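This report concerns only the one structure given below.
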Amino acid sequence: MNTGLRISAIAVAVSLGWASPALAGAKEDAAMREELAAMRAQMQALAARVDSLEGQLDTAKARAENAEARASAALAQAEAVKAEAAKPVKPAEPAFAVNWKGAPEITGKDGWSFKPRGRLHLDAGTISSPGALSNPNLGGNLRLRRVRLGAEGTMPGGLGYKVEADFANSNVAIGDALVSYAPANAPIVLRVGNFETLNSMEQITSSNYISFMERAAFNDAFINSRRLGAALAFKGKDDNWRAEVAAFAAHALDSSLDNNGWIGAARLTYMPKALGGQLHLGVNYQYRDFASNISGGTSTGANMPSVNQLARYRARPGSQLTDVRFVDTGNFAAKGDSILGLEAAGIFGPLHIASEAQWLKARGYKAGDLSTGTDAFSGGNAAVVPVANPGFFGAYGEVGYFLTGDTRGYKRGDGTWTRTKVLKPISKGGAGAIQIIGRYEYLDLSDDDLVNGPTNNFATGATSLAALNARLGRGGSQSSYLVGVNWYLNDYLRLMLNYGRVEVEGGPQAAIVDPASTLPVNQRGYGTNVLQSRLQIDF
């Protein structure tokens, strides 16, 4: 109600209530008006007080409503916190991840990774003694072919590393030891260190992934191996081609200080997916300049392609269980050699085919050449010299098939064989992967220019001819017919069984094997049988 109306109503009521007494006495009229005025003032004050109390009540009510709203908000917030707290807590993301790849591989967020690596190859087998040849290094043997330990990984900025040492037969040798650089914004790979000299598809492939226990005989004969150097590769889109050039010292990672030999190498590979499978075509080349003579001494480098200016090409019968070589050119004076190789392979599901060939041409000294002082040859400064630059050849072809439907591993971009992924390992109740494989190898180390070459005295230039049979025994040819079974129990464990029939014509052992033959030494043929097995574990 309006305050003014309330006051007027009260005033009227009071006036009516008191009108009669006031009329009774005129004298009292003035006093009554004063009293009414006082009462009216009191009533106005009372009304003002009521208005004040109503304002305070409204304020208190507003405060109460505000407090209630805050309480409701606080309760809602508490419920939200409670609900959030009830959710499962996501663990903090670790600084690195660990994956199992035969061994733990540790990978960090910033590009670092580290993985230990190693292998053990335990070989056992026997090599028959042909004809009348008696040699204690033929027959049965057991050997730790490889025992390697090392590590590999990556570093920020596209860098990588790999190092491996071999402890087989109580010796220590360095395998791969390199640093690589592969920038993310360029299709190149730079490698610096100790690694294979771009020398053949099979030779570059890890020994864990080759088909047979030993590589093709020409790799052994031509001394294809690791050396210290640098290589720059250019890679095509989708890794369908790779071109690489390299330069190496003519020795491996060792303490050699007296070896100035060098090797220039190149390899080009084309790796298309075609004909329903994976194809591989390649060509490789090496130009090798041998280490200089050192006053009749010999350099101490490892994996040298020669003994200073003395070349020698020879091969075992497809097994490292013996050091007997049935084909061997013997030493002859040469300044270097060149090797040209061709590569071809195809993978079509469980079937694979592969073939390689290499031609070597040596740059020999000539009759009458002089070489004295610091250039003097070891062994009395005399050596065989070819009539002209001799050439040698080696090749192989193979076919393999997985009875269990698996596929041989191949690494596009590198142009090499790699790990076979077993579809049904024995750890999961399967039979593993079973592969049967056959191969033919041929190696020809015979050359008339070497057979007819005289022995040259490098101090005087005088020459002489060795006995005919000795000269006819230089070189020889070797054909190998190989079959094998590989059983992959899982990705990292393999059992291998190889049999080879090796047919030899000529060579330094021919006169001993068949001394009664009337044929010239370089036409005498004989054979040997090689049966060997391997237990292989790698990680």
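Read-outs throughout are calculated quantities, based only on the coordinates presented, and are distinct from any laboratory measurement. Since the model is a prediction, treat every value here as computed from it, not as a measurement. Please note: Cβ atoms are built from the backbone with ideal geometry, for glycine as well, and neighbour counts cover all protein chains shown.
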So how much slack lies between Ala41 and Leu232, counting 0.36 nm per residue of separation and subtracting their Cα-Cα distance, in nm?
-> 57.6 nm
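Taking only DSSP H segments of four or more residues, each worth -39500 (n - 2.57), what value at 222 nm results for the chain once the sum is divided by all its residues, to the nearest 500 deg cm²/dmol?
Roughly -6000 deg cm²/dmol at 222 nm, from the helical runs in the chain.
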Listed with the fewest Cβ neighbours within 10 Å leading, Thr107, Thr197 appear as Thr107, Thr197
Along principal axes, Cα extents of region 414-532, largest first, whole Å | 72, 38, 18
Global geometry of region 214-276, whether rounded, prolate or oblate, following the gyration tensor of its Cα atoms and the 1.5 cut on a/c | oblate
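I'd like the per residue volume of the convex hull spanned by the Cα atoms of the chain, given in cubic angstrom.
Given the Cα convex hull of the chain, per-residue volume reads 258 Å³.
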Please give, to one decimal in nm, the separation of the simple spin-label points placed at Leu149 and Phe167, each 7 Å out from Cα toward the Cβ.
-> 0.4
Nearest 10, in degrees from 0 to 90: the angle of helix 28-86 to the longest Cα principal axis of the chain is 20
Take every Cα pair under 8 Å in the chain that's 6+ residues apart, average their separations, divide by the length, and report that relative contact order as a whole percent.
-> 12
Expressed in nanometres to one decimal, the distance between label points 7 Å along Cα→Cβ at Leu142 and Thr300 is 3.6
Taking r as the C-beta separation of Ala247 and Lys90 and R0 as 51 Å, the FRET efficiency to the nearest 0.05 is 0.45
Extreme residue, positive dipole direction of the chain, given options Tyr270, Leu495, Phe96 (C-beta unit charges) | Leu495
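Tell me whether region 473-539 comes out rounded, prolate or oblate; compute the Cα gyration tensor, take square roots of the eigenvalues as a ≥ b ≥ c, and use a/c under 1.5 as the rounded threshold.
In terms of gyration-tensor shape, prolate.
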Apply 1/(1 + (r/R0)^6) to the Cβ-Cβ distance of Thr374 and Ser517, taking R0 = 56 Å, and write down the FRET efficiency to the nearest 0.05.
-> 0.80
Bin by bin, in steps of 5 Å, what percent of the Cα pairs in region 345-404 do you find, going until the bin that has the longest distance?
-> 4, 13, 14, 11, 10, 8, 7, 7, 7, 7, 6, 4, 1
Return the FRET efficiency for the residue pair Ala344, Tyr401: r is the Cβ-Cβ distance, R0 is 22 Å, and the value is rounded to the nearest 0.05.
-> 0.80
Of region 205-245, those with amide N under 17 Å from the point 7 Å along the Cα→Cβ vector of Tyr181 are 229-235, 245
Could you work out how far helix 3-24 tilts from the main Cα principal axis of the chain, as a 0 to 90 degree angle to the nearest 10?
-> 10
By average Cβ neighbour count within 10 Å, what is the ranking of 171-182, 319-330 from highest down?
-> 319-330, 171-182
Multiply the residue separation of Ala274 and Thr59 by 0.36 nm, subtract the distance between their alpha-carbon atoms, and state the gained length in nm to one decimal.
-> 68.6 nm
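Work through the residues other than Gly413 whose Cβ is under 12 Å from its Cβ and net out their charges, Lys, Arg +1 and Asp, Glu -1.
Summing Lys/Arg as +1 and Asp/Glu as -1 gives +1.
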Ranked on Cβ counts within 10 Å of their own Cβ, fewest leading, Val245, Val530, Val189 go Val245, Val189, Val530
